[in-house]
Amino acid sequence: MGSIITLTTDFGLSDGYVAAMKGVIYSINPEATVVDVSHVVQPQNILQAAFILSTAYSYFPKYTVHLVIVDPGVGTDRRAIILKTPQAQFVAPDNGVLSYILDTYASQLLPDSTRVKLGPDLKAYAITRSEYWRHPVSKTFHGRDILAPVAARLSLGMPALSLGDNIDTVTALPLLRPKHEAHQITGHILHIDTYGNLITNFKESDLSGSAQSSNIIFKNCIIDGIRPVYAEGTGAFALFGSSGYLEIAMANSSAAAYFQAKVGEEIIIRLKSKSIGGFPIDGGK
Amino acid sequence: MGSIITLTTDFGLSDGYVAAMKGVIYSINPEATVVDVSHVVQPQNILQAAFILSTAYSYFPKYTVHLVIVDPGVGTDRRAIILKTPQAQFVAPDNGVLSYILDTYASQLLPDSTRVKLGPDLKAYAITRSEYWRHPVSKTFHGRDILAPVAARLSLGMPALSLGDNIDTVTALPLLRPKHEAHQITGHILHIDTYGNLITNFKESDLSGSAQSSNIIFKNCIIDGIRPVYAEGTGAFALFGSSGYLEIAMANSSAAAYFQAKVGEEIIIRLKSKSIGGFPIDGGK
Amino acid sequence: MGSIITLTTDFGLSDGYVAAMKGVIYSINPEATVVDVSHVVQPQNILQAAFILSTAYSYFPKYTVHLVIVDPGVGTDRRAIILKTPQAQFVAPDNGVLSYILDTYASQLLPDSTRVKLGPDLKAYAITRSEYWRHPVSKTFHGRDILAPVAARLSLGMPALSLGDNIDTVTALPLLRPKHEAHQITGHILHIDTYGNLITNFKESDLSGSAQSSNIIFKNCIIDGIRPVYAEGTGAFALFGSSGYLEIAMANSSAAAYFQAKVGEEIIIRLKSKSIGGFPIDGGK
């Protein structure tokens, strides 16, 4: 039934908040295996948590429960949800923190562009059954009092339908997609990792054929081509990282520091086959 | 019997010290579940560790063993102790790191104002039985060689009396209390959390009746009133946090950074019902 | 058979990399106990990881599997290895990250001075049996796809010989040794810990007899003598720390900050018995 529970939060490491949640989990399921994904998500950065989770969850055993708490709307009328995929179970506020998970499955974006109608592989539940929560419920820490107890009960095999009500739409934040044009593809930095690698939203499928040998341009610099491994790069170079995204890296150094890069900045791939004559490089920004 | 052991230390995350303690624990009790509370307590900040522990321990199953190592006096003649409450077991140097736990129970402050005589719900033991320690004992790391083995044996169900000798007084550092006067109550910042929220020592019981609608003053600023949840605050505002303390928060930002706040600084609650005519705001410091 | 797996990496705490490895481990051995040693090794600092591991591994139960991933050469033809000692099992890239472990056992330095021929107490294996890896194997994350699966299978009791081929030499980086001369011994800073203590490569055996009362000189300062415990030090002082190395510490403060110290800097012990007349202190650098 899956007795692992992972935690992804913006609680930091210097307070007792994470431990309080773990105490609640172990009080309900003493046999749970609790695994930290990250607790140093930037405060209230929903999309960063969504991205980090998306790079880790699929390596866990089937039906693992992933508890995600980045929750600036705690205590308001935002819903808390359970999302079930064929691979995993998620417990989170319904604020978009599962956007990358939802994006993996065929779901239909609703006209308001912040909600999706769930595809056939997904089931979602609004968490409503308060008899399974910890009481009294703090208005400022639903992670401890509502979501951790729900995750612990899921890990014991309790059906999601006992914990809430079936729903067919959930919140999904718009994700940046590479924009394909005649002469170039425009992407963005999704994440900057510990090493200062700039993880972009280009996937290998975006760079078919000739594009692989095309120029990658960031902040007016031409990035040296795509290398197979970090050790073969010199200066600033690109490679496909372990989650399948194109990364900009810097040999023995931090690309983020060198470029003073920020999440959300644009990266351009100039398609070489179309470039005739002079190759302008002033369009990197 | 309680097979969870929590760890609260100032060891940081970049050395092998925490892992060495865990290795010792698992060598004695391979079935223990070891949970980190925090390892980034400021070096030698006994009261900070005491506060963090106090916000987390009560959520763990009954009889959980809480091991706390902030120990500037390691190797001197300061005692190491086991403290048992109806809820939990603590293993720590006898230096005040359990002050908030002791404060929860009816205990009698001794005239020297740094020691308490234990109330009826508490039992304490000086750790003396060296046959249960790891040898040779390092003079600089009793956490690894004395306290971790003792915590591991407690988690196996060994009676505290086998590990040490009953004592009836233990060290408690003086805790800051709100000071009630005719026109105001003066409190202090106990802790600054990851989000930059300023956690004060005001509890709801300090702010009965009219006080709830009174002005909160910090560094000459009037803090916007008490909100029920973070999402309803604008600018600097107050709310009761998940551990029951009044917090000063800042909408979408860090109150600590905005106010350049420090632990120990004063916060004033002006009682509105007494305020007639002009409302002076120059007394915030 | 040892079901504990420890992790020492430079992955940091803000990405999903550590969790991905743990997910892979639990998918293969759901009963494993996974313990973090440190994930904040400086990026690609092989010797720092080697040192931290060496201060922690020996406290774990016999046959514990220690997985170490600081791997700037990932995806190149550098080997990945299993090293077995009488005490423990290690899984790591063959890049010197096990240098302190190898140094503990009698091994023979080869003429190229970066490889050792293993002594009788050690066995090593090149990891070659790809049927036990996770596929597809990322060229940039062998920790997740090769080394974590191998560590998990070792923790289940699979023989190392099923996972790879016996080898008799492995990589060892040259370690700094104290240099003994007539009037002084010259050592170095190996590591700076969380408290700012400067951990040197002097061991008690280097400071026999009179040397214990000799002067320790760092950056033109005479360090106050060797104290038994931190609490008895004033100003800058020395003591033997919990791993047996001489440390320079600073009372209630950080010696690293005070001296602006860096790993690798020299520390001199002037042998007092030889010092006649004036005592020059200008040789600290």
- Answer from C:P120, C:P136, C:P86, C:P72 - the residue that is touching an Asp or Glu at 6+ places or on another chain (Cβ under 7 Å) and either closer than 27 Å to C:H191 by Cα or not β-branched (V, I, T) (or both): C:P86
- Which condition number does A:L161 fail, the rest of (1) surrounded by fewer than 22 Cβ atoms within 10 Å (Cβ to Cβ); (2) of a type in the set (A, V, I, L, M); (3) within 24 Å of the chain's Cα centre (by Cα) being met? (3)
- Query: Which of the residues that make up the range A:107-149 are aromatic (F, W, Y) and either free of Cβ contacts under 8 Å to residues at least 60 places away in the same chain or over 21 Å from A:I28 (Cα atoms) (or both)?
  - Reply: A:Y125, A:Y132, A:W133
- Quick count over the range B:33-42, residues being within 15 Å of the chain's Cα centre (by Cα) and more than 8 Å from chain A (Cβ to nearest Cβ), is 1
- Task: Can you tell me which residue among B:K117, B:K62 is touching a Ser or Thr at 6+ places or on another chain (Cβ under 7 Å) and basic (K, R)?
- Result: B:K117
- Task: Could you tell me which residue of the range C:49-73 is farthest from C:G16 (Cα to Cα), considering only residues that are within 14 Å of chain A (Cβ to nearest Cβ) and surrounded by fewer than 24 Cβ atoms within 10 Å (Cβ to Cβ)?
- Result: C:G73
- Message: Just to be sure before I move on: is A:A152 buried (at least 22 other Cβ atoms within 10 Å of the Cβ) and touching a residue at least 60 places away in the same chain (Cβ under 8 Å) in the structure I sent?
- Response: yes
- Message: When you scan the range B:142-152, do you find a residue that is among the β-branched types (V, I, T) and closer than 27 Å to B:Q42 by Cα, even just one?
- Response: yes
- Task: Tell me, please, whether a residue that is out of contact with any Gly (no Cβ under 9 Å at 6 or more places or on another chain), aromatic (F, W, Y) and within 14 Å of chain A (Cβ to nearest Cβ) can be found in the range C:25-32.
- Result: yes
- Message: Within the range A:110-138, take every residue that is among the aliphatic types (A, V, I, L, M) and farther than 21 Å from A:P174 by Cα and give me the one that is modelled with the lowest pLDDT.
- Response: A:V137
- Query: What number of residues within the range A:138-159 satisfy the criterion of being at the interface with chain B (Cβ under 10 Å from one of its Cβ atoms) and of a type in the set (V, I, T)?
  - Reply: 1
- Note on the structure: Among (1) among the hydroxyl-bearing types (S, T, Y); (2) surrounded by 16 or more Cβ atoms within 10 Å (Cβ to Cβ); (3) touching a residue at least 40 places away in the same chain (Cβ under 8 Å), C:S253 falls short only on (2)
- Message: Between a residue in the range B:218-240 that is under 17 Å from B:E204 (Cβ atoms) and at the interface with another protein chain (Cβ under 9 Å from one of its Cβ atoms) and any residue that is in a strand (DSSP E or B) and aliphatic (A, V, I, L, M), which pairs come within a Cβ distance under 8 Å, given they are 6 or more apart or on different chains?
- Response: B:P228/B:L239; B:V229/B:L239; B:L239/B:I226; B:L239/B:L246; B:L239/B:A249; B:F240/B:I226; B:F240/B:L246
- B:I46 meets each of (1) more than 27 Å from C:H191 (Cα to Cα); (2) within 14 Å of chain C (Cβ to nearest Cβ); (3) aliphatic (A, V, I, L, M) with one exception, condition (1)
- Task: Could you tell me which residue of the range C:204-217 is surrounded by the fewest Cβ atoms within 10 Å (Cβ to Cβ), considering only residues that are at pLDDT 85 or above and more than 14 Å from chain B (Cβ to nearest Cβ)?
- Result: C:S205
- Looking for whichever is buried (at least 21 other Cβ atoms within 10 Å of the Cβ) and β-branched (V, I, T) here; the options are A:I267, A:I222. Which one fits? A:I267
- Query: Across the range B:1-27, which residue is farthest from B:L190 (Cα to Cα) among those that are of a type in the set (A, V, I, L, M) and surrounded by fewer than 20 Cβ atoms within 10 Å (Cβ to Cβ)?
  - Reply: B:M1
- Would you please name the residue that is farthest from the chain's Cα centre (by Cα), looking only at residues in the range C:226-263 that are of a type in the set (S, T, Y) and over 14 Å from C:L198 (Cβ atoms)? C:T234
- Those residues of the range B:102-153 which are of a type in the set (G, A, S) and closer than 16 Å to B:V18 by Cα amount to B:S138, B:G143, B:A148, B:A151, B:A152
- Close pairs (6 angstrom Cβ cut-off, 6 or more residues apart or separate chains): closer than 23 Å to C:Y63 by Cβ and more than 7 Å from chain C (Cβ to nearest Cβ) in the range B:11-23, crowded, with 24+ Cβ neighbours inside 10 Å and among the aromatic types (F, W, Y) anywhere: B:Y17/B:F11; B:V18/B:F11
- Message: I'd like to know if the range B:9-22 contains one or more residues that are out of contact with any Asp or Glu (no Cβ under 6 Å at 6 or more places or on another chain) and within 27 Å of A:S138 (Cβ to Cβ).
- Response: yes
- Message: Yes or no: the range A:86-109 includes at least one residue that is out of contact with any Phe, Trp or Tyr (no Cβ under 9 Å at 6 or more places or on another chain), over 22 Å from A:T171 (Cβ atoms) and charged (D, E, K, R).
- Response: no
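The values are calculated or read from the model by the stated rules, or taken from the named source; none is laboratory data. Since we're looking at a predicted model, the values are computed, not measured. In this analysis, Cβ positions are derived from the backbone assuming ideal geometry, glycine residues included, and neighbour counts consider all displayed protein chains.
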